[in-house]
Amino acid sequence: MAGTAEPDRERELEFRSAPLGDIEAARSRHMWTRSAVHVADDLVVTGEWDGTVTARSIDSLESRWTVDHPDHAVGIETLDSGDGDGENDGVAATVVVAGRGETGTIAAYDGETGEQRWRYDTVADLGAAVKETIFYRPYVVGLETDTDGETLYAAARRYERDGEIRRWHSTVYAFDPDGSLRWTYETDASPIAIESDDEGERLAVGYNRCTGDHDTGLVVLEAESGDLEWTWDPGTEGDRRVGDVSFDGDSIAVSSHGDKRGYLLGPGGAERWRVDLAVETDIGGETLYAYPNHAYANDGRVAFVTGNTYAVEGRETEGRHPNEHRIAAFDIDADGELLWDDEVRGFVHGLAAAGDTIATPCAQNFRVRDPETHAVRRFDLESGPIGTERTEGIATGGAVDRGSLAAIEEPVAYHDDGRTRGEYALHVASLE
């Protein structure tokens, strides 16, 4: 992957900030997802590590309401009420929060008052944790709505291990606005990403780990019924499969953990093109690679973001893959021609994107431990980098919508010096 990004059109944003209380400082290595943020209409909603969910005015950051979610609040979406009466114009009709914890709860709250409208505990389908650690508990890994905001899709999973045997239990859900369950799709693999197409007709589900009978990285379902339409897989050995999925018209961009490439698929899973992102490369006597963790497609272009360097021989290495922690954009209609690429420098838990605007909340680079990696970096999907907003702590979550950028900062203490940098805070800025 080689190319030259356009010069950085730096424009400093003016952040408004609100403290989020106390949280244990992150360490040199990455911690599990502990926070979430979502922007909808005139609200910015945060989910905190202890289950606290707060809706604030996006202009003043004054609290509108606060509720206690049953689990760690790790995902947030909004649904339209579907009543069409116009009474809630400018207000998120329903705020949906996903959790990771004992119950793996999906709960919907009134956007105006915070009153709970409905609740669904995924533990009933996934089963309870067999060990009292966060990694074994039910985890709602993704929430997605259709283009009308009237159907909620969710993917949840639970992990367990017995010696060398690893098992996953997972369910994909479709909910109506009132919380009625329309359909489910169950497998023994680990979902990592879901996305609805622009027409609300198909739902793509990416599976990261396939250790059982389900042995395909991408599943495309009929959105109304949950029926299987088609599947695709990178065809690689081992249990690693897909990192992310993103629709653009009738095409789907897929980042592959299996072979560290990016793919563009057409109807039925026909491969239109593929590009090398961070494939296995011999450097300094080691074979190194990095996982392509994120994909975002829009209006004929697609960007992929890679993560940490690893060695084939083991997880520990002093080497660096040349394409670790990078973002690269490609022309969908020109057989994957590279448009631009640039470094993001730190680990990106999740992309925040709307239209052609991409924000990458960058956390640690645990092999380098350079505080300069802590930032929210912004890119234009067509032309490249447009700005960098530094944070003292690590940036672990972000959201872009309606001309606003929101980000979560968490404190971090590297083992090298023991100094704690940053705070637990919400930052919001206007992009207009």
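With a cut-off of 8 Å between alpha carbons and a minimum separation of six or more residues, what is the relative contact order of the chain in percent?
Numbers: 1281 pairs, mean separation 58.3, N = 432.
Here the relative contact order equals 13 percent.
Loop-located trypsin sites (Lys or Arg not before Pro) in segment 107-154 (DSSP state other than H, G, I, E, B) with a sparse environment of at most 12 neighbouring Cβ atoms within 10 Å: 131.
Of all the options 269, 21, 51, the one that moves most in a Gaussian network model of the chain with Cα springs shorter than 10 angstrom is 21. Calculated on the Cα set of segment 49-178, radius of gyration then Dmax: 15.9, 56 Å. Taking the accessible area of segment 371-432, probe 1.4 Å, and keeping the other protein chains in place, the carbon and sulfur fraction comes to 39%.
Counting protein heavy atoms only, segment 16-160 has 41 percent of its accessible area on carbon and sulfur, 1.4 angstrom probe. Averaging the Cα positions of each part gives two centres, and for segment 37-75 and segment 164-227 these lie 26 Å apart. Computed from phi, the 3J(HN,Hα) profile of segment 69-75 under the Karplus parametrisation 6.51, -1.76, 1.60 (θ = phi - 60°) reads 7, x, 10, 4, 8, 10, x Hz, with x in place of Gly and Pro.
Average accessible surface for the chain: 40 Å² per residue, computed with a 1.4 Å probe over protein heavy atoms with every protein chain in place. Reported to the nearest whole Å, the Cα centre-to-centre distance from segment 256-292 to segment 370-432 is 27. Remark: relative contact order (segment 278-364) = 22 percent; criterion is Cα-Cα distance under 8 angstrom and separation of 6 or more residues.
Counting only other residues whose beta carbon sits under 12 Å from that of residue 237, what net charge do I get with K and R as +1, D and E as -1?
Result for the neighbourhood of residue 237: -2.
Of all the options 72, 325, 214, the one that moves most in a Gaussian network model of the chain with Cα springs shorter than 10 angstrom is 214.
Taking Cα pairs under 8 Å and at least six residues apart, what relative contact order does segment 88-194 come out at, in percent? The partial results should precede the final answer.
On the way: 246 pairs, mean separation 21.1, N = 107.
The normalised contact order for segment 88-194 reaches 20 percent.
Would you calculate a helix-derived [θ] at 222 nm for the chain, using -39,500 (n - 2.57) for each DSSP H run of n ≥ 4 and dividing by the full residue count, to the nearest 500? Helix contribution divided over all residues of the chain: 0 deg cm²/dmol.
The values are calculated or read from the model by the stated rules, or taken from the named source; none is laboratory data. Every value quoted in this text rests on a predicted model; they were computed, and no experiment measured them. Don't worry about glycine lacking a Cβ; one is built from the backbone with ideal geometry, like all the others, and counts go over all protein chains shown. Areas reflect the complete protein model, heavy atoms only, side chains present, ligands, DNA and RNA absent. Shrake-Rupley method; radii C 1.70, N 1.55, O 1.52, S 1.80 Å.
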